[in-house]
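Let me begin by presenting the structure, written as structure tokens, before commenting on it.
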Amino acid sequence: MFTELNSILSTSPDSFTQGEFILLSDRQSDASFLIHHFLSLYLRARCKVCFLGLVQSFNHYSAVSQRLGVSLAQAKEKGQLVFLEGPKESLSLLIPQEGSTGSPAMDFLRDPSVGLRSLYEFVQCSVSGAEGADGAEEWGPPVLLVDDLSVLLSLGVGVGAVLDFSHYCRASVCSQLQGNVVMLARCDGDEEGDDGDDEGSERLLKGLTHQCSLSLHVQGLPTGYCRDIHGQVEVCWRRKPGDGQHTQKKLFQYKVHDKGASFFARGTSTAVL
């Protein structure tokens, strides 16, 4: 959990906005460090967390969370965290072995044209069980985290199906249960790029941007590599006071280090002073 980022977003484990759809995105950079932040934030806030790890393993997230002072193994054991390990489940499904059939949530791998209904049902089942069994702990508002939604495009799922999935997750988690959704989407091409996979990822990013209430877009420095500043993040609040759409944007630079990340206003880092 990054204290400076919490200050920028006016949030903390004790006080955070419910019903938010938060979009994390990057272009020619890596926004995955923000997933670690929100994972540790919501676990500290005692939320019931459903994590779709479509790219990285549980062990990867567990190791990073340990450095941030959070135990994923403990959270999983207590029933606070439900973790779908995408790569592992995909292998079980595509290369079946005796006694291992893979999670039904990944059934779309057999036929991407059927859409993501089974994955949505997994999410719905995971977040609706916040009360737990008799004698189990009760958790706060549910949270859905997805570590890279755009990887679904490379697995043959259409942009429309992915946007439908995000829309239904937002309706269930944010609107009905007053929980939060955090999704990461990547755009590796240039901003003007409009060919092949890049076009699909651009369309996905635009669709998700339209749905979200808060977005954090990570990109490299326009001046190129700098040892002491790793990039910049544009924070955009998309609130809807009354009937009018109100958007506020702020740009910050950041540096990721072993146990967190530092954020500062553009041009105020000691590295450029």
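The values are calculated or read from the model by the stated rules, or taken from the named source; none is laboratory data. As the structure is a computational prediction, the values presented were derived from the model and not from experiment. Because the Cβ atoms are built from the backbone with ideal geometry, glycine has one as well, and the counts that use them run over all protein chains shown.
Yes or no, residue by residue, for (1) of a type outside the set (Lys, Arg); (2) farther than 19 Å from residue 90 by Cα; (3) part of a strand (DSSP E or B); (4) at pLDDT 95 or above:
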residue	(1), (2), (3), (4)
120	yes, no, no, yes
132	yes, yes, no, no
145	yes, no, yes, yes
153	yes, no, no, no
169	yes, yes, no, yes
199	yes, yes, no, no
216	yes, yes, yes, yes
request  = Mind listing just one residue for me: the one in the stretch 82-107 that is over 18 Å from residue 62 (Cα atoms) and touching a Leu at 6+ places or on another chain (Cβ under 7 Å) and, of those, modelled with the lowest pLDDT?
outcome  = 102
inquiry  = For the stretch 2-12, check the following and say yes or no: at least one residue is modelled with pLDDT of 95 or more, among the β-branched types (Val, Ile, Thr) and either farther than 26 Å from residue 138 by Cα or crowded, with 21+ Cβ neighbours inside 10 Å (or both).
reply    = no
task = Restricting attention to the stretch 171-197, report how many residues are among the basic types (Lys, Arg) and modelled with pLDDT of 95 or more.
result = 0
request  = Please go through the stretch 147-191 and pick out each residue that is closer than 21 Å to residue 84 by Cα, acidic (Asp, Glu) and over 14 Å from the mean Cα position of the chain (by Cα).
outcome  = 164
Test for residue 26: is it surrounded by fewer than 17 Cβ atoms within 10 Å (Cβ to Cβ), out of contact with any Gly (no Cβ under 8 Å at 6 or more places or on another chain) and not aromatic (Phe, Trp, Tyr) = no
